[in-house]
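To start, the structure under review is shown below, and the notes come after it.
The values are calculated or read from the model by the stated rules, or taken from the named source; none is laboratory data. Every value quoted in this text rests on a predicted model; they were computed, and no experiment measured them. Note that we place each Cβ from the backbone using ideal geometry, even for glycine, and neighbour counts take in every protein chain shown.
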Amino acid sequence: MTRSGVEAVHGALGGAPASVLDDATRRAFDEALGPENVIHDLARLRSYECDGLTGYRVVPALVLLPRTAEQVAAAVGVCAAHGVPFVARGAGTGLSGGALPVAEGVVISLQRLRRVLEVDPVDRIAVLEPGVTNLDITRAAAPHGLYYAPDPSSQQVCTIGGNVAENSGGAHCLKYGFTTNHVLEMEVVLADGSLVTLGGPTGEQLGPDLRGVFLGSEGTLGIATKITVRLLRVPETVRTLLADFPSVVAAGDVVSDIVAGGIVPAAVEMMDTLAIEAAEAAVQAGYTLGVPAALVVELDGPAEECDTEFELVKAICERHGCTRLHIAADAEERAAIWRGRKSAFAAVGRISPDYFVQDGVVPRTRLAEVLARIAAMGDEVGLRVANVFHAGDGNLHPLVLYDGAAGQTELAESLSGRIAELCVELGGSLSGEHGIGTDKACSMPKMYSDADLAVMDRVRRGFDPGGLCNPGKLLPTPRLCGEQPGKYRPHPLEQSGVIERL
């Protein structure tokens, strides 16, 4: 979606300046939270005008800073009573415009809800407020020999509330899965201000899996205020290697052969020449400059099993022409390898004045094909694309490099969108973990039918009939994308009066 598209959707939702809220509504927020917890002045409001997708910016009418779940519920209750749209915000590290404010609405920041409420080493769970950072969960669990498996690259700053909203993964999602595989229970505030619990001590609940529906809904169904996560034992052994290859095709074949051989690594990451150049300039992690592709492969588990599989992985790398194989000798070298990989997004700023981070998924067997086509698409428009991604599950993160001062912004936006849609064309999806947000809402019809989108919209309205929760995100709207809404056909039971439409 281009910046003009963002303006269109927020214009459709009102798009007025911050003064649109009347004095009575502003007083209601002050009374619900205390005036010291409500940001009114424009200079401070601008700190919340975007998330990590900085090309899209909207200044909210107010920013609310609740300190408790009850205050979150009170704030949402005021929104419901006055018809004010709201956007929940964690650390603001999202890369799809999911936390982009609404001009006539409020941002509800959860940064003050950052307590680790409980770590239970017996049941191996942690109970957290949404503002707790991903890495702090593992820090709290470490004294008990436990850790939290999902590890986005931004784990030092991204929060568990945002991870829930986007169903975040990270480098180790190949073996351990995404946020949804580790969240058992959530206390959430719904659009009417009510507090409810989804899931349960084992992740299950009676009736439909509302926990699963809420996870990954990008803030469109409510706000999580307390989250219970599963913790894992620290593995007995961890083995990590960094391997260079003469081509992206060779590196991709290694990934396929590892999985085909029945080996499930904790992580398999790939970086190309540009990504390696940027990471080395930033953190000097020991990567080889100029190589077409490098793989980071990590195995963990029981020592004997890990050692055996590690030898097999080394043999596969050598069979496909590996030009350098570096095995981490200790925890310090392992940390250096991962520092290089996890710094890549931010490090690209060293080789380009501006860039877009895209996110899409393709089948592992089509990695070489999609990378070749991405390179060709970049050459066609005269832009470079750096690639760093979760090769084990085909989750790509192409970085489109451009110079906004040279008038390349819309060209880069267009290329970024075409790359996302290419992933769908090749049998994949628009997003692996960054979400749809504002950025890719218009591309949803490329992946889903009108009927699919209509069902999603009905589920959304079941949670939020007034459309106040993070409006303009995730699903395309007719006014924004030129889509014609499908005609609703009532079920026979509805026509007979047995059931009613939400």
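Some points to look at:
- Test for P130: is it assigned by TED's automatic domain parsing to the domain that holds E187 and crowded, with 20+ Cβ neighbours inside 10 Å: yes
- Output for the stretch 417-426, where each listed residue is more than 20 Å from the chain's Cα centre (by Cα) and assigned to a helix (DSSP H, G or I): E425
- Where S109 falls short, out of the listed (1) surrounded by fewer than 23 Cβ atoms within 10 Å (Cβ to Cβ); (2) touching a residue at least 40 places away in the same chain (Cβ under 8 Å); (3) of a type in the set (S, T, N, Q): (1)
- In this entry, T202 passes the filter for residues that are free of Cβ contacts under 8 Å to residues at least 40 places away in the same chain, part of a loop (DSSP other than H, G, I, E, B) and more than 30 Å from D457 (Cβ to Cβ).
Let's see how each residue does on (1) surrounded by 18 or more Cβ atoms within 10 Å (Cβ to Cβ); (2) part of a helix (DSSP H, G or I); (3) small (G, A, S):
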site	(1), (2), (3)
F345	yes, yes, no
I374	yes, yes, no
E380	no, yes, no
A386	yes, no, yes
L415	yes, yes, no
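- Test result for V385, closer than 28 Å to C50 by Cα, of a type in the set (A, V, I, L, M) and either in contact (Cβ under 8 Å) with a residue 40 or more places away in the chain or touching a Lys or Arg at 6+ places or on another chain (Cβ under 8 Å) (or both): yes
- Flag for E298 being at pLDDT 95 or above and more than 21 Å from R341 (Cα to Cα): no
- Conditions (1) surrounded by 20 or more Cβ atoms within 10 Å (Cβ to Cβ); (2) of a type outside the set (A, V, I, L, M); (3) at pLDDT 95 or above; number of the one not met by R319: (1)
- Residue check for R334: in the same structural domain as T240 (by TED's automatic domain parsing), touching a helix residue (DSSP H, G or I) at 6+ places or on another chain (Cβ under 8 Å) and either part of a strand (DSSP E or B) or of a type in the set (K, R) (or both): no
- D192 vs. criteria surrounded by fewer than 24 Cβ atoms within 10 Å (Cβ to Cβ) and in a loop (DSSP other than H, G, I, E, B): yes
Yes/no per residue for (1) hydroxyl-bearing (S, T, Y); (2) touching a strand residue (DSSP E or B) at 6+ places or on another chain (Cβ under 7 Å); (3) within 24 Å of V238 (Cα to Cα):
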position	(1), (2), (3)
I327	no, yes, yes
S343	yes, no, yes
V348	no, yes, no
G360	no, yes, no
